[in-house]
1. Determine the gain in length on full extension of the stretch Val140-Leu157; use 0.36 nm per residue of separation and subtract their C-alpha separation, reporting nm with one decimal.
2. Using each residue's phi in the stretch 228-243, evaluate 6.51 cos²θ - 1.76 cosθ + 1.60 at θ = phi - 60° and report the 3J(HN,Hα) Karplus result to the nearest Hz, with x for Gly and Pro.
3. Quick one: 3J(HN,Hα) in Hz for the stretch 84-89, Karplus 6.51/-1.76/1.60 with θ = phi - 60°, rounded, Gly and Pro as x.
4. Could you check the simple spin-label distance between Leu219 and Met280, using points 7 Å along Cα→Cβ, in nm with one decimal?
5. Using a 7 Å offset from the Cα along the Cα-to-Cβ direction at both Ile12 and Asn297, what is the distance between the two label points in nm, to one decimal?
6. If the chain between Asn65 and Ala128 were fully stretched, how many nm would it gain, using 0.36 nm times the residue separation less the Cα-Cα distance?
7. Looking at the chain, I'd like the Rg to Rh ratio, where Rg is from alpha-carbon atoms and Rh is Kirkwood's inverse mean 1/r.
8. Within 10 Å, count the other beta carbons around each residue, average over each peptide in 17-25, 30-38, 158-166, and list them highest first.
Amino acid sequence: MIADLFAANVIIGILTSGIRLATPYLYASIGETFGQLSGVLNLGVDGMMLMGAYAGFYVTFHTGNPWLGLLVAILVGALMGLAMAFISVTLKAEQGISGIGVYLFGLGMSDLLFQKTLGTVETVSGFAPLNIPLLSDIPVLGTVFFSHNILVYGAFLLVPVAWFILNKTTLGLKIKAVGQNPAAADALGVSVARVRYATVTLGGALAGLAGASLSIALLNVFQQNLTSGMGFIAVALVYFGGWTPTGVLLGSLLFSSVNALQLWVQILGIPIPSDFAVMMPYVLTILALIFAVRKVNQPASLSKVFERGEG
């Protein structure tokens, strides 16, 4: 019955799951925010997440060390980000098409490697829940906020760190300048290519981390197309969040909470078609993009190729 959704234990379960499920979206979206603010649209995020998820899982599976797996996942994501930067900044390829190419590469390569090296779905002992002393003992709040694995805490800590970098540092000023008016930034001595390489590579590293948060922290498993399009949702969340870390945080929590809700709908056996329940988060994303996106905050040179001397 629908009334079951309002039981205290179910509400706590939905909130707790919503916090946990926001993790990969936060990592990937914050990384994409840096890239887009510098003027580069990266639609290859999902492929980077898949490669990071596979790399992290494979290393953890064979070494039993999730920290080593996490490091490798970040490095793999950074390498793919570097490749995306080379394609879009140095070769000046159309960013939408090249991003889809990077996504398809990540999708196909992770599938191929999975088939050749694992062959079947396996599990690992990844990052275990880390209860924060005293805080985790608080009734209700302790369960909802302070009983997660370390990658969950890291994702939420990343939000204020990203806000500080973008709004209170010279680097953040350079990133925004390059995204708004690269010709003016170049005239002031800022290397447009260097800034864009740095942000897109950082975005790739965080996408790899996002994938690893799935395979060695939240699910502790790897399978074909593990992300199921999460990378594209992460790109959409940047638009939804108005290119700000706090906006991305709110969007990630909204999406993950609705996702948690549909999972509980299925667990409780509420008579709603399962296909409709699974579709709920994606319908919400489309509606949010239609009604909530704030174009005024969009970087003026987003997805535009910079040619020195133009302006």
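1. 4.0 nm
2. Whole-Hz 3J(HN,Hα) from phi for the stretch 228-243: 6, x, 4, x, 6, 5, 4, 4, 5, 5, 5, 5, 4, x, x, 6.
3. With coefficients 6.51, -1.76 and 1.60, one gets 5, 5, 4, 5, 8, 8 Hz.
4. My value for the distance between the label points is 2.0 nm.
5. 3.4
6. Extending this stretch completely gives an extra 21.5 nm.
7. Looking at the chain, the ratio lands at 0.99.
8. Highest-to-lowest ranking by the protection proxy: 30-38, 17-25, 158-166.
Every number in this text was worked out from the coordinates using simple rules, so none of it is lab data. Being a predicted model, the structure only gives us computed values, none of them experimental. Positions of Cβ are generated from backbone atoms using ideal geometry, with glycine treated the same way; all protein chains shown enter the neighbour counts.
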